[in-house]
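Okay, structure first, notes after.
The values are calculated or read from the model by the stated rules, or taken from the named source; none is laboratory data. Not measured: the values here are computed from a predicted model. With ideal geometry, Cβ positions are generated from the backbone for all residues, glycine too; neighbour counts draw on all protein chains shown.
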Amino acid sequence: MPSIRETALEMVQLVLPEHANTRGGLYGGQMMNWITTAATMAAMRIAKGAVVLASMDDLDFLHAVAIGDVVTLRAQVEFIGRSSMEVDVDVHAEDPASGVPRHATSSHLAMVAVDDQGRPRPVGVEVIPADASEGARHREARTRKHSRGVYLAGRARQAAPAVEDDAGLPHTLEVSRIVFPEDAVLGTLMFAGKLMIDLDQVASIVALRYCRCPVVTASIDALSFFAPIRVGEIIVYQAALNHVGRTSMEVGIRTLAEHPLTGERRHTCTAYITMVHVGPSGPRPVPPYQPQTDLALRRFHEAEERRRVRQARRAGLTPGL
């Protein structure tokens, strides 16, 4: 049985112009794609076969990454259930001119081992902590799995076709596209890294249209999959502005998978992405937002609670931020 450190996998990327946003920094969706890829490879090694992303508990962008930086992603499996694996991905970026690494992002993901039909299958091994530090990581990962299980207890209800009507929300966007074979890695299931790129683009458009100023991705919260997305289906992103702070905006994105022949839709996942207005010297104010309907007010208050949790989490990662 492996220890946690024995499950570790490193992936190194050079940030090219094709990976950049309009400001010349690494595009947030590309970083999410790389993180999902690293977690997938680490989990595949342990599961000896195909895996899919079940949940991304948190992803915080701590420092900017520029074109020409070398990005090192370190993924390790910290806890294994029957078919699921808790994976931590830590990312450091290095300017080759200085050689000094900086902590770029931190995230936790849950991967699930699947068979050829995309159904969960047993992993068949477990990680055994090698020391007290690994024991603490093992316990924290097990706690994340338990907390997520409570949230997902109603996944059948959450994946039902009926979804909340966004009518009356002032800043919304709906984008649809077909899932092509190139969007899948194994079998016919859409690769979650490709989905991350789409989600970040949609969130960016909503934030840009609201503030009409440069924005970057700050974090993603509580992304859990309730149903798979398959090649040939129509994927629908329904986004809305939930909250505006002094410099930040939270965008909620509900993702639906639509059968192209029957028109039946199912809720596959919901993500909350925080965008920040940035200027040459750092974060800048955005226009104030006052929710005008009961639905908008409820979403605003729910987003405020997520913001409190996110700020506490980031403070633990980078004291003083």
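Here are a few things to note about the model shown:
- Residue within region 10-27 that is assigned to a strand (DSSP E or B), hydrophobic (A, V, I, L, M, F, W, C) and under 17 Å from LYS194 (Cα atoms) present: yes
Conditions tested, residue by residue: (1) farther than 30 Å from GLY25 by Cα; (2) buried (at least 22 other Cβ atoms within 10 Å of the Cβ); (3) of a type outside the set (Gly, Ala, Ser).
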| position | (1), (2), (3) |
| --- | --- |
| PRO228 | yes, no, yes |
| ALA239 | no, yes, no |
| ASN242 | no, yes, yes |
| MET249 | no, yes, yes |
| GLU264 | yes, no, yes |
| THR270 | no, no, yes |
| THR274 | no, yes, yes |
| GLY282 | no, no, no |
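- Of the criteria (1) part of a strand (DSSP E or B); (2) among the aromatic types (Phe, Trp, Tyr); (3) under 20 Å from CYS213 (Cβ atoms), which one TYR237 fails: (3)
- One residue stands out among those in region 281-320 that are without any contact (Cβ under 8 Å) to a residue 40 or more places away in the chain and outside any helix (DSSP H, G or I): the one that is nearest to LEU53 (Cα to Cα), which is PRO319.
- Selection status of GLY49, modelled with pLDDT under 95 and within 27 Å of ARG230 (Cβ to Cβ): yes
- Among the residues making up region 2-59, none is aliphatic (A, V, I, L, M) and at positive phi.
- Of the residues making up region 178-229, those that are in a strand (DSSP E or B) and free of Cβ contacts under 8 Å to residues at least 60 places away in the same chain are ALA184, MET190.
- Filter result for the condition that a residue is buried (at least 24 other Cβ atoms within 10 Å of the Cβ), under 21 Å from MET190 (Cα atoms) and not small (Gly, Ala, Ser), over VAL51, VAL112, VAL65: VAL51
- Condition met for VAL278 (β-branched (Val, Ile, Thr), surrounded by fewer than 18 Cβ atoms within 10 Å (Cβ to Cβ) and either within 18 Å of the chain's Cα centre (by Cα) or part of a strand (DSSP E or B) (or both)): no
For every residue, the table says whether it meets (1) touching a His at 6+ places or on another chain (Cβ under 7 Å); (2) surrounded by fewer than 17 Cβ atoms within 10 Å (Cβ to Cβ); (3) of a type in the set (Gly, Ala, Ser); (4) at pLDDT 95 or above.
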{"residue": "ARG121", "(1), (2), (3), (4)": "no, no, no, yes"}
{"residue": "ALA132", "(1), (2), (3), (4)": "no, yes, yes, yes"}
{"residue": "TYR151", "(1), (2), (3), (4)": "no, yes, no, no"}
{"residue": "GLN158", "(1), (2), (3), (4)": "yes, no, no, no"}
{"residue": "GLU164", "(1), (2), (3), (4)": "no, yes, no, no"}
{"residue": "VAL175", "(1), (2), (3), (4)": "no, yes, no, yes"}
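- Cross-chain or 6+ apart pairs with Cβ under 6 Å, region 1-26 first and exposed (fewer than 11 other Cβ atoms within 10 Å of the Cβ), then of a type outside the set (Val, Ile, Thr): MET1/GLU126
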